[in-house]
Structures are given as structure tokens and as C-alpha cells.
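The values are calculated or read from the model by the stated rules, or taken from the named source; none is laboratory data. These numbers were taken from a predicted model, which means no experiment stands behind them. Ideal geometry is used to build each Cβ from the backbone, glycine not excepted, and the neighbour counts take in all protein chains shown.
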Amino acid sequence: MTPFKQEERPRVHRPHPDCRRSGVGRVVATWVVADETALADGLATALFFTEAQRLAETFQFAYVRMYADGRAEHSPDFVGEPFN
């Protein structure tokens, strides 16, 4: 990854198109920070269907995944805090 400050790097938030449905363990939103906007966009979409660890084998990125039951999962290097 290039040495950008976190807030200067491209980031993408992707709400799931059907986020009104409920279901335990269902991802309803993702946030990704990556060096390229297109990469962040693709990874934000992929995180609805694929485990982050699998994507991290190939790509460098920081992420947050929000689940339908209110839980959140994030990478250790994601800079930010949840709020409500």
C-alpha cells in the first residue's frame, strides 16, 4: 500500500441492495479503504459474499462489515470508530 494517510485514500461504502431483510449473520453494509477506488469498490461488493481473510490473501485493504443483527467486523488496520 502507498503511504497515504487513511483519510486521503479512496474509500467506498456499499449498502446491500436488500438491506431491509433480516437474518442473523447476513452482511448488510461494507466499508473499504484501498489504494485504488475501483479496487475499493470491487472489494466492498465482494465482502458481501466472501470472507475478508480470503480476499486479504490477494489484496491489501482495510474494511468494516456490518451484520443484520448489529454486529460489526473490521480489520485491525481500519482507522475509525462506529457511532450510533
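Laid out as a table, the results:
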read-out: Contacts under 6 angstrom Cβ, first residue in region 56-70 being at positive phi and free of Cβ contacts under 8 Å to residues at least 24 places away in the same chain, partner of a type in the set (S, T, N, Q) and surrounded by 20 or more Cβ atoms within 10 Å (Cβ to Cβ), 6 or more apart; value: none
read-out: Selection status of Phe83, assigned to a loop (DSSP other than H, G, I, E, B) and at pLDDT 85 or above; value: no
read-out: Subset of region 25-84 (residues that are loosely packed, with under 13 Cβ neighbours inside 10 Å and of a type in the set (A, V, I, L, M, F, W, C)); value: Ala38, Phe49, Ala72, Val79, Phe83
